[in-house]
Structures are given as C-alpha cells and as structure tokens.
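*Asks:* Below are the structure tokens for one structure; questions will follow.
The values are calculated or read from the model by the stated rules, or taken from the named source; none is laboratory data. Every value quoted in this text rests on a predicted model; they were computed, and no experiment measured them. Positions of Cβ are backbone-derived with ideal geometry, glycine not excepted, and every protein chain shown enters the neighbour counts. Ligands, DNA and RNA are stripped out before the accessible areas are found, and what is left, the full protein with its side chains, is counted by its heavy atoms. Shrake-Rupley method; radii C 1.70, N 1.55, O 1.52, S 1.80 Å.
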Amino acid sequence: MTKSLLNFKYLTFDVVGTLIDFESGIKDCLAAIAAEAGTTVDGEAALTLYREARYADDADLFPDDLARVYSVIAPRLGLPAGTQYGERLRDSAAAWAGFPDSREAMARLAKRYKLIAMTNARRWAFTHFSRELGDPFFAGFTTDDTGVEKPNPAFFQQVFEFVERDGGSKDDILHVAQSQYHDIGVSRRLGMTNCWIQRRHAQKGYGGTIEPAEFTEPDFHFRSMAELADAVEAAAAEPKTASA
C-alpha cells in the first residue's frame, strides 16, 4: 500500500522537464534563430530531432552538449550552420524558465520537506535553474558531482548516502519526476516511492525526453507541481483519527 504523502522527510527532484521547461527553452531559441534566417521551425519536430541527437553515443554532458546537438539537427531543420548558433542554444539554458507553477509549489513543499535536486545538468546550469525556482533546495546533485547521469543507479546511490548522513533513509524519500526513462523506472527498481509529474499530459509523445522501454505505473501521479503541493496540503488538513 502506498504511503501517505505526509510520511516522507525528503523530496528528491528531477529538475529539467519537471521544474524547468526545457522544451519551451529549446523551441524558443531555435525559433529565434529561424526567424533571423527568414524561416520557421516546427517545434515538436525539432524536439524529436533533438531527442535523437541528444542520446547519441558521443554525447557530452548537458547542456554543454546542445552545441553539438545544434550542428546535427540544424541541416534537417533548415537552420543556418555555424558554431555561434550551437553556442547560443547551449547558453540559452541560463535563461530557461520554470513552469508557471514550479516556484510557488516548491516554496510550499519546502515548508514540510527537505528538497533535494537530482539533475542531469552540469553545475553551472543548475545554479541558474535553482535561482529561477527561488533557491528552494536543501541540497543539489549534478553530473559534475556524481560523474554519471540518471538513470544510472550510481547517481541515486550518492543521494541515498547523503540522506543517510543526514539521519534519514531511502524509505524517507519521495522521488518526484516527469521522465519515465530517467527517473520513474529506475526509482521503482531501486525500491523508492515515486511521484510522476506528467507535464506533457495534454500533448502526444515524449517530446524531448527519451521514450522508456516500458511504462512504469507510479505510486503517485499528478499533472503539475501545483497538484502535488495541493495534495500535500489537503492531506495535512485532514483530521487525524484517534487510535483505538
């Protein structure tokens, strides 16, 4: 039986895609480049090409890898070639916005839990993301810290060890993420309780996120961070039943 939302001490978060709207950030940057070149791009088609290029064997760490990705996808999108455009796409990460509900929801959740970021982005990008979200995190783990990317279990193991040093355990953690591939599936295999934030609930496909080999039914399922924060507050407001 799934535990109550009130039974956790820590919430661990995927950041890019769950809290930060990277798909809009990428599409907006490509659209701006296209407009300057006198053309247009199909945003969803661009995300499909991005996903294919991003997960190539020679991929670099994110978001640095966006410079390479641009060189791969630009010809297929009819966009101009040039290292300056790839660097522009990479550097756009510093200005990516959070989803409209992210900042407020994180502030609400921080009143009850210790919030821990687990991002496949590098530290320089996470610094910008955290600031955009109001710096709500008790701790943050990036690929610069872990040396690996999710869904590698070694990433999660480092977080488990941190929580244990803080006096908690894996059972005290609820892992919150939108990516079935990077987070929900592996967190289930590692015995964590998880919460799927289905950001693309009104859209088809997986957008810029790699499709999982199989779908993992989450322990909790919401369409937004606001819905999760609402559910936590509703649970906290329920009258406590007296024990027999």
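*Asks:* Which one, 182, 63, 50, is farthest towards the positive end of the dipole of the chain when Lys and Arg carry +1 and Asp and Glu -1 on their Cβ?
*Replies:* Value computed over the given set: 182.
*Asks:* Summarise the accessible area of region 1-72 (1.4 Å probe, protein heavy atoms) by the percent that is carbon and sulfur.
*Replies:* Values: 1480 of 3000 Å².
So the carbon and sulfur contribution to the accessible surface is 49 percent.
*Asks:* Right, here's the next one. Whole number please: convex hull volume per residue, Cα atoms of the chain, in Å³.
*Replies:* Numbers: hull volume 31.5 nm³, N = 244.
Once divided by residue count, the hull of the chain is 129 Å³.
*Asks:* Next question. In whole angstrom, how long is each semi-axis of the equivalent ellipsoid of region 139-244, when you take the square root of 5 times every eigenvalue of its Cα gyration tensor and sort them from largest down?
*Replies:* 25, 22, 12
*Asks:* Cross-link list 9/204; 3/204; 9/150: which exceed 26 angstrom alpha carbon to alpha carbon?
*Replies:* On the way: 9/204 34 Å; 3/204 31 Å; 9/150 22 Å.
Violating the 26 Å limit, Cα to Cα: 9/204; 3/204.
*Asks:* With runs of 4+ DSSP H residues as the only contributors, calculate the mean residue ellipticity of the chain at 222 nm using -39,500 (n - 2.57) per run, divided by the residue total and rounded to the nearest 500.
*Replies:* Working: 10 runs with 101 residues, N = 244.
That comes out to -12000 deg cm²/dmol.
*Asks:* Further, regarding this structure: Put +1 on the Cβ of every Lys and Arg and -1 on every Asp and Glu Cβ in region 158-244; which of 162, 191, 209 then has its Cα farthest towards the positive end of the dipole?
*Replies:* 209
*Asks:* Using a 1.4 angstrom probe, figure out how much accessible area region 24-134 has per residue, in square angstrom, rounded to the nearest whole.
*Replies:* Details: 5160 Å² over 111 residues.
Ligands and nucleic acids excluded, the figure is 47 Å² per residue.
*Asks:* Also, I was wondering about something else. How large is Rg over Rh for region 1-95, taking Rg from the Cα atoms and Rh as the Kirkwood inverse mean of 1/r across Cα pairs?
*Replies:* On the way: Rg = 16.5 Å, Rh = 14.6 Å.
Ratio of gyration radius to Kirkwood radius: 1.13.
*Asks:* Still on this structure, please answer the following. Rounded to the nearest 20 Debye, what is the dipole magnitude of the chain about its Cα centre when Lys and Arg each give +1 and Asp and Glu each give -1 at the C-beta? Display every interim value, and only then the final one.
*Replies:* Values: 27 positive and 36 negative charges, 86 e Å.
Magnitude of the dipole: close to 420 debye.
*Asks:* Same structure again: Calculate log10 I(q)/I(0) of region 1-44 for q = 0.17, 0.18, 0.28 Å⁻¹, where I(q) comes from the Debye formula with a single equal point scatterer on each Cα and nothing for solvent.
*Replies:* Those come out to -0.62, -0.65, -0.95, one per q.
*Asks:* Additional query: Let me check I've understood the local charge: for residue 229, count other residues with C-beta under 9 angstrom from its C-beta, Lys and Arg +1, Asp and Glu -1. What total comes out? Display every interim value, and only then the final one.
*Replies:* On the way: positive: 108; negative: 101, 104, 227, 230, 233.
Neighbourhood net charge equals -4.
*Asks:* While we're here: What is the packing order of peptides 39-48, 108-117, taking the mean over residues of other C-beta atoms within 10 Å and listing the highest first? Don't jump to the answer; show the numbers that get you there.
*Replies:* Details: 39-48: 16.4, 108-117: 18.4.
Answer by packing, highest mean first, reads 108-117, 39-48.
*Asks:* Stretch residue 200-residue 48 to full length: gain in nm at 0.36 nm per residue minus the Cα-Cα span?
*Replies:* Details: separation 152, 0.36 × 152 = 54.72 nm, distance 1.42 nm.
Between residue 200 and residue 48, full extension yields 53.3 nm more.
*Asks:* Can you give the Kirkwood hydrodynamic radius for region 70-159, in Å, rounded to one decimal and based on Cα pairs? It would help to have the intermediate numbers written out before the result.
*Replies:* On the way: mean 1/r = 0.0664 Å⁻¹.
Kirkwood radius, region 70-159: 15.1 Å.
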